[in-house]
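In what follows, a structure is listed as structure tokens, so that the remarks can point back to it.
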Amino acid sequence: MTITIDTYPTLGEAASAMRTGSQFLGGGTMVVRGLNFASPDFDKVIRSTDSALSEIRPEGNGIKLGAGVTMARLMQASGAEFLEPVARAVGGPAVRNMATIGGNLFVCSPFGDFGVALLALDALVQMSDGQMLPIEDFYRQRENLRGLVSAVIIPRSAHGAFRFRKVVRTKPKGAAVVTIAAHLPGGNRISGARIALGAMGSTPLRAKDAERALEGGSLDAHTVQRVCEMCCNGLNPQDDSIASAWYRREVAPVHLRRLLLGEES
Amino acid sequence: MSSIEFRKDLFADEREDDLNEIGKPTVRQDIVGHVTGRSKFYDDHLFEGLLHMRCVRSPHHHARIRSVDVSAAERMPGVRRVIWPKDVPSNLNTLLSLINFGLDDEQLLSANKVSYMGEPILAIVADTERQARDAVAAVRVDWQELPHVLDVEEALKPGAPVVNEVYPGNTFDYHDLYDHQKLRFGDVETALPEADHVVEGEYQMSPIEQAPVETCGAIAAPEENGRFVCHTSTQALFFSLGTTAKMLDMPSSRLHFIGGTVGGGFGGKVDSHHEPLAVLGAMLTGRPVKYMWDRTEEMRVGAPRGAERWRIRDGVMKDGRIIAREFTGFFDSGAFTRLSSYAIIKGTGHLPGPYTIPNVSSNVYCVYTNRTPATAMRGFGITGVDFAIECHMDKVAEAVGMHPVELRILNAYRDGDVKAHRRFAKNCALIECCQVASQKAGLSLSPEAKNASSTVGGGIGWRAEVPETLTDDMGKIGDRKRQEIPTQPLGGATTKGRVPAGTMGENVVASEVQDTDMQIDPTRIGHSVSQAIVAQPAPRPRQLTLPAAALQAPAQSEGSATQPALSTFAEPAAPTHGQPAPYKPEKPFQRGVKRPGVSRFISGTRR
Amino acid sequence: MTKTPIQFSLNGTETGVFADTGANLLDVLRRGAGDLSAKQGCAQGGCGACSVLIDGELHLACLTLAETVEGKQVQTAADLEDGPDLHPLQKAFVEGFAAQCGFCSPGMLMAAKALLRSNPNPTRDQVADAISGNICRCTGYEPIINAILTAAVEMRGRGAA
């Protein structure tokens, strides 16, 4: 198959050049891998040199991250300190220098740890045509979306109320057995709890029964116990080389409990 | 390095304290090349006009090939050559045929049928790797799927799919006689009922991929004078050279093989598949050809350490002495033999582990299944069964209420003990390892265990004798197919094929140590013997112990550790003071007797 | 197959190659520019054997589309030496037995170099994180971590990275 590579100065132009058989190149960790293994799914690579893609800036009470911002860049950014452990959890240093936030939204389980955090933070996904999608809707439509992601917006700072844990089988790095992000505003009377899990379905998913069980409560042992019992409701983990679906269902509640109670993993 | 602690106090009298290298950092002779990136691995040789080879592989566990259509692939840009099974001059081989072990059972490119997922049936050579990949994807194969078997014991059942036509019973043929490798030492069947406890266990190991960072591969190119140069990642250059010469039916003098710089192997780079294909590609195109696995192939097609299943049954006395141990083992060889058959020979030689047990029997099957063929990996043939044995030791300890470390010290082999493979144990150190480990772990041992020594108490009485051994004829090739023989070595066996010792005209008592030069000569192994022992050499009893006595011996020998240590080490003329005489065997070393049907691997040949 | 011209600085030398369109940087470095120090272990970002510096940042050459390095500075392990002298990292690897088969070493060294550039006085955990994308199957990570820490001390003493 003859490969063509087209580079556009703006994301809008790149978006309008996309067709079936095209792939947009972010950091390259997925697309170039596809080229290396002669993926039959695409023969055209679209790039954009649009500088807006790598912008990080405040937006209202929150922060806007360009889709081309790399994990390494985000780790250094001020105003997004609570996301540093999330970005650090993605790959080794070389991958973090390459992998982008936009790309992380499109990778398959068990990858895509950053998206798990975004899901817990009620992020909005901004498309190249200006459309704003709540991240949950984005994941639901991901396979059929037209257009390109230009940025994600985290509507409010989550300092102090945000918790994140990636469970791996090799130290210090590896693909996820399960990734858990929780946003628990309200202190002793939690309101608007979000618990998102990665590697527990083909996309990051929210544990909605568990969220409801937390509503109005606090992180006492009894509540946490109840929350963990239902945290796998509605999730659909898969077998892969990291763990079996059975194992993931067994250990996800254990790791959620430790995260909520502030215990070591 | 820094974590190594030397215990030179142990066996201090057995060696000079003159270790100049051990435990000290040393500079590898090749390391400057490694850190500068100048070391040349096989893929670090550049050739003008290099072509790339990729294989069409089976997507099924077991399937017949009805037809192959390459018409689209052949027309694709950059495609230089499609290589068919018929292009391989001698398309059947087994790796160890070079040392005359086993039957040729595997094709380089499979012509009619595939027996594992990923088996190659066709090779395509193209200008770029991408073009080769695209052409492979364009080949259309009409597969007729066949029933497959992925479990070793399922494969042994009558009516199981035949995985490998060369071995229609789905087992490797040992010594042209049996469908399994046997070990018989003493009489397990009589001993087990005499035991206070019988402890059984089953242990299963999964396949393990060696996963070198450099994937397997080779680059071959035409050289002057009709020769071909081949740069390869092989761990076994002469295996690869010999295999290539055999499969391409050409004198090895036409092959110029260069290897030696290997990016990690761990046993996974001995199978010699890349070299014949790369050289064949170079022969058929007249151009340099690279055949290199990608990471996916390395993990999925590359032969792993095979899965093993072991059943162990121990007869153990109340005091913890193991008087009998019975093994049934199944090595999952995958679809072809490669090295599993030989791994079993090695594993059997290791039984019953580092313990002195007077009655041992074992049946180990090399089983063909529709899984990726298995091959060598670190600890070749030993790692799996050792895992099983040590798990089982813990189970036995629990059964008799002993601490697992105490149980190991009690049963550990000691210098001078005869092992199930009819060799004397020497330079044993398991007891001392257990003692040191216990000390480190803060575990307090009983006085007996604390005072035990590998050099004391071994080689006495029954411990130095090959017991009368009951052999049997069970499991002759084809028996199992006829549903006549169960896979368990003795349990539930019919009497068919049983040959009680001394009742069939021939006394089948096991032979003595085959070569007297195998006995330990203190001067030869640097093993100094205390004067107290050499002063009163104990004649080693030549008469064979009766079975009953052999069975009772373990229970009676409780006090043996306190007896004066009359080691067999004392047997050859004791060294006198002063300079020891240089070693000279009583008679020259000789090759073992080659008996028809007996593999040279288990003969008495001293290697 | 179409070719794309690419010009970049390789270890300080201006280099131009014609790459197959869609080729990765690793292939271009090895076959196009003849720098064989970076290795291909997986071609999917899992092993780190192809680690190089692009404009001073650690990247995986196998996942870098070659034409994206147009006009950039690429550094490989072939450039670590200072004339005839080994780089302190190389010296520490040699003396500390931090390489066995040597296949992962060039990538490992580049990951270490990237670390010491930004953090001349790393902790053990920081070193472990810095090489967490690099797989070694023979030597074991302990001697490698020790060697990087040793080199860091040496380089701080010299006052140069």
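The values are calculated or read from the model by the stated rules, or taken from the named source; none is laboratory data. In this text the structure is predicted, and so the values were computed from the model without any measurement. We place every Cβ from the backbone using ideal geometry, glycine too, and count neighbours over all the protein chains shown.
Check segment B:135-149 and report whether any residue there is crowded, with 24+ Cβ neighbours inside 10 Å and closer than 30 Å to residue B:281 by Cα.
If we filter segment B:135-149 for residues that are crowded, with 24+ Cβ neighbours inside 10 Å, which is where we start, we get B:135.
Subset that is closer than 30 Å to residue B:281 by Cα: B:135.
Yes: one or more hits.
Only helices (runs of 4 or more DSSP H) whose full extent lies in segment B:149-254 are considered here, and the ones with at least 2 residues that are away from chain C (no Cβ under 14 Å) and of a type in the set (Gly, Ala, Ser) are B:237-247.
For segment B:78-96, the criterion of being touching a residue at least 40 places away in the same chain (Cβ under 8 Å), within 14 Å of chain A (Cβ to nearest Cβ) and in a loop (DSSP other than H, G, I, E, B) is satisfied by at least one residue.
Considering segment B:99-132, the residues that are of a type in the set (A, V, I, L, M) and part of a strand (DSSP E or B) include one that is farthest from the other protein chains (Cβ to nearest Cβ), namely B:114. Filtering segment A:75-87 to residues that are away from chain C (no Cβ under 14 Å) and not charged (D, E, K, R) leaves A:77, A:78, A:79, A:80, A:82, A:83, A:86. When residues in segment C:135-144 are screened for being more than 7 Å from every other protein chain (Cβ to nearest Cβ) and not in a helix (DSSP H, G or I), 3 of them pass. Within segment A:185-204, the set of residues being under 16 Å from residue A:121 (Cα atoms), free of Cβ contacts under 8 Å to residues at least 60 places away in the same chain and not small (Gly, Ala, Ser) comprises A:185, A:190.
Here's a check for you: in segment A:49-71, which residue that is polar (S, T, N, Q) and farther than 14 Å from residue A:151 by Cα is nearest to the other protein chains (Cβ to nearest Cβ)?
If we take residues in segment A:49-71 being polar (S, T, N, Q) and farther than 14 Å from residue A:151 by Cα, then A:49 is nearest to the other protein chains (Cβ to nearest Cβ).
Scanning segment B:223-246 for residues that are basic (Lys, Arg) and either buried (at least 19 other Cβ atoms within 10 Å of the Cβ) or at positive phi (or both) yields one hit, B:246. Scanning segment A:120-133 for residues that are under 13 Å from residue A:158 (Cα atoms) and in contact with a strand residue (DSSP E or B) (Cβ under 6 Å, 6 or more places away or on another chain) yields A:120, A:121, A:123.
In a residue-by-residue description of segment B:295-308, the property of being surrounded by 24 or more Cβ atoms within 10 Å (Cβ to Cβ) and either outside any loop (DSSP other than H, G, I, E, B) or free of Cβ contacts under 8 Å to residues at least 12 places away in the same chain (or both) applies to at least one position.
Let's see how each residue does on (1) touching a residue at least 60 places away in the same chain (Cβ under 8 Å); (2) within 18 Å of residue C:20 (Cβ to Cβ); (3) in the same structural domain as residue C:119 (by TED's automatic domain parsing); (4) not acidic (Asp, Glu):
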residue: C:50; (1), (2), (3), (4): no, yes, no, yes
residue: C:57; (1), (2), (3), (4): no, no, no, no
residue: C:63; (1), (2), (3), (4): no, yes, no, yes
residue: C:67; (1), (2), (3), (4): yes, yes, no, no
residue: C:71; (1), (2), (3), (4): yes, no, no, yes
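Which one is farthest from residue C:51 (Cα to Cα), of the residues in segment A:88-107 that are in a loop (DSSP other than H, G, I, E, B) and within 13 Å of chain C (Cβ to nearest Cβ)?
A:107
If you go through segment B:139-146 one residue at a time, do you hit one that is hydrophobic (A, V, I, L, M, F, W, C), within 14 Å of another protein chain (Cβ to nearest Cβ) and in contact with an Asp or Glu (Cβ under 8 Å, 6 or more places away or on another chain)? Yes, some residue in segment B:139-146 is hydrophobic (A, V, I, L, M, F, W, C), within 14 Å of another protein chain (Cβ to nearest Cβ) and in contact with an Asp or Glu (Cβ under 8 Å, 6 or more places away or on another chain).
Taken together, the residues in segment B:34-64 that are over 26 Å from residue C:91 (Cα atoms) and either more than 13 Å from chain C (Cβ to nearest Cβ) or outside any loop (DSSP other than H, G, I, E, B) (or both) amount to 14. When each of B:326, B:390 is tested for being modelled with pLDDT of 95 or more, acidic (Asp, Glu) and not in a strand (DSSP E or B), the lone residue that passes is B:390. Looking at segment B:416-439, is at least one residue assigned to a strand (DSSP E or B) and buried (at least 17 other Cβ atoms within 10 Å of the Cβ)? There is at least one residue in segment B:416-439 that is assigned to a strand (DSSP E or B) and buried (at least 17 other Cβ atoms within 10 Å of the Cβ). Given the criteria in contact with a strand residue (DSSP E or B) (Cβ under 9 Å, 6 or more places away or on another chain), closer than 28 Å to residue B:447 by Cβ, buried (at least 19 other Cβ atoms within 10 Å of the Cβ) and touching a residue at least 40 places away in the same chain (Cβ under 8 Å), does residue B:412 qualify? Considered against the rule, which asks whether it is in contact with a strand residue (DSSP E or B) (Cβ under 9 Å, 6 or more places away or on another chain), closer than 28 Å to residue B:447 by Cβ, buried (at least 19 other Cβ atoms within 10 Å of the Cβ) and touching a residue at least 40 places away in the same chain (Cβ under 8 Å), residue B:412 comes out as yes.
Conditions tested, residue by residue: (1) in contact with a Pro (Cβ under 9 Å, 6 or more places away or on another chain); (2) closer than 24 Å to residue B:135 by Cα; (3) not in a strand (DSSP E or B).
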| site | (1), (2), (3) |
| --- | --- |
| A:5 | no, yes, no |
| A:15 | no, no, yes |
| A:27 | no, no, yes |
| A:39 | no, yes, yes |
| A:45 | no, yes, no |
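Looking at A:28, A:21, A:12, just one residue is among the small types (Gly, Ala, Ser) and within 11 Å of chain C (Cβ to nearest Cβ), and that residue is A:28. Give me the residue from segment C:103-134 that is in a loop (DSSP other than H, G, I, E, B) and over 16 Å from residue C:77 (Cβ atoms) and, out of that set, nearest to the other protein chains (Cβ to nearest Cβ). By that ranking, first place goes to C:132.
Condition check for residue B:23 on (1) surrounded by 11 or more Cβ atoms within 10 Å (Cβ to Cβ); (2) within 30 Å of residue B:437 (Cβ to Cβ); (3) more than 14 Å from every other protein chain (Cβ to nearest Cβ): one failure, at (3).
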